[in-house]
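Below is one structure, written out as structure tokens; the observations come after it.
Since every read-out is calculated from the coordinates, none of them should be taken as a lab result. Bear in mind that the values here come from a model prediction, so they are computed numbers and not experimental data. Reconstructed Cβ throughout: ideal geometry from the backbone, glycine too, with neighbour counts over all protein chains shown.
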Amino acid sequence: MRLSVFFVCIVSLLLLSACGECSKDSDCTAKTAFSAACTEKKCVYTAIPNQCGNLICELPENKCKCPSDCKPACVGKVQNSQYLSQQCIQDQCVEDVASNLIKPVSVSADQIVAGDKFKLDTLYNQPFNMKRDTFNIAVSISQMAPQNRDHHIISMEMTGTTKDGRTITLAQQSVDKYIWSVGSSVQEGLILDFTTVEVEGEISNLVLKTQYEYVIVQAGKKTPKQGVIQNKYKDKFVFVKPTASYQCPASCDDKNPGTKDTCGSQTNYFCMHEPVPNMCGNFKCDGSENKCTCPQDCGMCGGSAGVYLDFVCKSNKCVAQLKSGVKVVPNSIFDDRSLGRVQLNNNYRFNNPFDIGKDRLEIDFKVYRQDPTVSEVAIDTIRLLEGAQQISEMSVDEVLSDKPVTVSVVIPSIVEPEEEHLLTLAVWYRFTQDGQEKTGKFEKPLGKIILIRPE
């Protein structure tokens with residue numbers, strides 16, 4: 001009897017639960033994101049705030065974080081677009097190009113400007129998402145003219161032609177980086193930003209202009225110059241410009257301690273890498289950096305400095321030293337010089353290469369013949385010239401005789417460790433003839449002399 005009553009009670013409870021009737025809270029079936037309570041013998045379910053599954057789309061929920069609460073789903077093609085579809089990226093519903101529709105485009109081109117052979121490598125996506133993609137350029141030098149150096153990339157500008165024939169600027173970006181040597185490169189990701197009402201479109205006649213400056217070194221003189229590397233792209237450029245904003249990438253770390261990595265609304269959610277002052281890797285040779293302590297910012301220390309010198313690192317400084325096996329050749333030039341009533345026998349002695357730190361140009365002046373009416377033959381001034389440019393000058397004021405009088409000329413500092421110069425010696429003289437002072441000047445070409453400054 002008691003057992004049958006027990007079974008009746010159990011069956012009654014199950015029927016009450018199935019009908020939504022209850023006698024206590026535990027009789028109500030549990031539901032995710034809802035709290036259950038037995039009120040007036042009925043199960044009442046109340047949504048728990050800020051829980052996914054409560055059928056309420058609450059912040060920070062969205063179509064990607066909680067698709068059950070936030071409708072409609074983040075799927076499907078974007079209206080009036082061939083390439084864009086709604087996708088969940090970093091828990092955000094955005095318009096983007098499906099990965100199977102993206103084709104990476106790689107283009108290489110060579111340009112010869114002012115004797116230098118530049119190589120431009122370009123990599124970009126087609127179609128190009130203006131809210132996410134960058135137009136990646138790598139500029140390097142495969143051949144460098146001997147007199148050109150210190151190539152400084154200043155800026156890049158990209159233009160193109162719209163379907164209605166307008167030429168517009170797609171990107172204009174400051175670069176401020178150096179290409180120090182053959183094989184090294186400057187890499188830049190151009191952010192394309194131009195006004196358009198189109199969700200997607202085509203641009204033709206893409207032209208990239210790279211502004212740069214460099215230095216020409218000739219005869220020990222540095223002359224700054226400017227140049228433009230222009231590259232034209234044959235293929236049409238397909239772009240998409242989603243209406244929604246994107247979030248920053250998961251990481252902007254470029255693994256370079258010389259830059260500060262930032263991203264946010266101020267950068268349109270693109271990664272930026274700002275140089276940190278006085279840090280190696282900031283693309284600037286600043287602070288105490290040099291070619292030995294920070295070659296990526298200041299250039300490599302090594303290789304030939306000319307015919308006779310090599311660059312080497314010594315005590316963390318880049319210095320020029322004589323190459324192994326270099327032989328110094330003494331030069332002697334004889335000059336039989338007629339000055340009218342006076343004839344001189346001069347001898348010019350110098351080393352080639354000529355070390356400006358220790359060598360001297362020595363000149364022996366000697367009176368070979370002198371008219372009886374002439375007295376007191378003297379050298380007043382000596383100047384060393386290269387064309388119209390004066391290299392050095394010294395006051396001599398030496399009276400000559402039939403015995404050699406030696407004068408030593410010092411060549412001052414040079415710009416580069418090794419320089420080739422075409423030098424001429426100019427000599428001002430005087431003598432007394434019949435009681436009257438006569439003055440004059442003569443020049444003697446010395447030919448090509450290699451001046452060196454080893455350390």
Legend entry - Spin-label model distance (nm) - SER35 vs VAL399, 7 Å beyond Cα toward Cβ: 12.2 nm
Legend entry - For segment 329-452, the Rg and Dmax computed from alpha carbons only, in angstrom: 15.2, 51
Inset, instruction - Quick one: order LEU384, LEU120 by neighbouring beta-carbon count within 10 Å, fewest to most. - result: LEU120, LEU384
Legend entry - Karplus-derived 3J(HN,Hα), 6.51/-1.76/1.60, for each residue of segment 241-249, Hz, glycine and proline x: 9, x, 7, 7, 7, 9, 8, 5, x
Inset, instruction - Compute the length gained on full extension between THR373 and CYS248: take 0.36 nm times their separation in residues and subtract their Cα-Cα distance, giving the result in nm to one decimal. - result: 35.4 nm
Inset, instruction - Just the ratio, please: alpha-carbon radius of gyration of the chain over 2.2 N^0.38 Å, N its number of residues. - result: 1.84
Legend entry - Relative contact order (%) - criterion: Cα under 8 Å, at least six apart; region: segment 20-97: 17 percent
Legend entry - Fully extended contour minus Cα-Cα distance, from ASN347 to GLU386, at 0.36 nm per residue: 12.1 nm
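Run the dipole for the chain about the Cα centre, Lys and Arg Cβ at +1, Asp and Glu Cβ at -1, nothing else charged, and hand back the magnitude in debye, nearest 20. Numbers along the way, then the final one.
On the way: 49 positive and 55 negative charges, 182 e Å.
The dipole magnitude comes to about 880 debye.
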Legend entry - Nearest-20 debye value, segment 103-247 charge dipole, Cβ charges on Lys, Arg, Asp, Glu: 280 debye
Legend entry - Estimated vicinal HN-Hα couplings, Hz - segment 250-264 in sequence order (Karplus 6.51, -1.76, 1.60; Gly, Pro = x): 4, 8, 10, 5, 8, 6, 10, x, x, 10, 9, 8, 10, 6, x
Legend entry - Sorted largest first, extent of segment 20-97 alpha carbons per principal axis (Å): 59, 20, 13
Inset, instruction - Please work out the FRET efficiency for the pair VAL407 and GLN230, using the Cβ-Cβ distance as r and a Förster radius of 56 Å; give the result to the nearest 0.05. - result: 0.50
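By the gyration tensor of its Cα atoms, with a ≥ b ≥ c the square roots of the eigenvalues, what is the shape of segment 21-180: rounded for a/c under 1.5, prolate for a/b over b/c, or oblate?
On the way: a/c = 4.96, a/b = 3.36, b/c = 1.48.
Note, shape of segment 21-180 comes out prolate.
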Legend entry - Residues SER181 and LEU422, FRET efficiency given R0 of 22 Å [Cβ-Cβ distance, rounded to 0.05]: 0.20
Legend entry - Computed over segment 275-378, Kirkwood Rh from alpha-carbon pairs, angstrom: 18.3 Å
Inset, instruction - Report the equivalent ellipsoid semi-axes for segment 103-247 in whole Å, largest first, defined as the square roots of five times the eigenvalues of the gyration tensor built from alpha carbon atoms. - result: 33, 14, 13
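Given a Förster distance of 30 Å, report the FRET efficiency between GLN172 and ASN100 from their Cβ-Cβ distance, rounded to the nearest 0.05. Provide the component values of the computation, followed by the final result.
Numbers: r = 33 Å, r/R0 = 1.10.
Efficiency, rounded to the nearest 0.05: 0.35.
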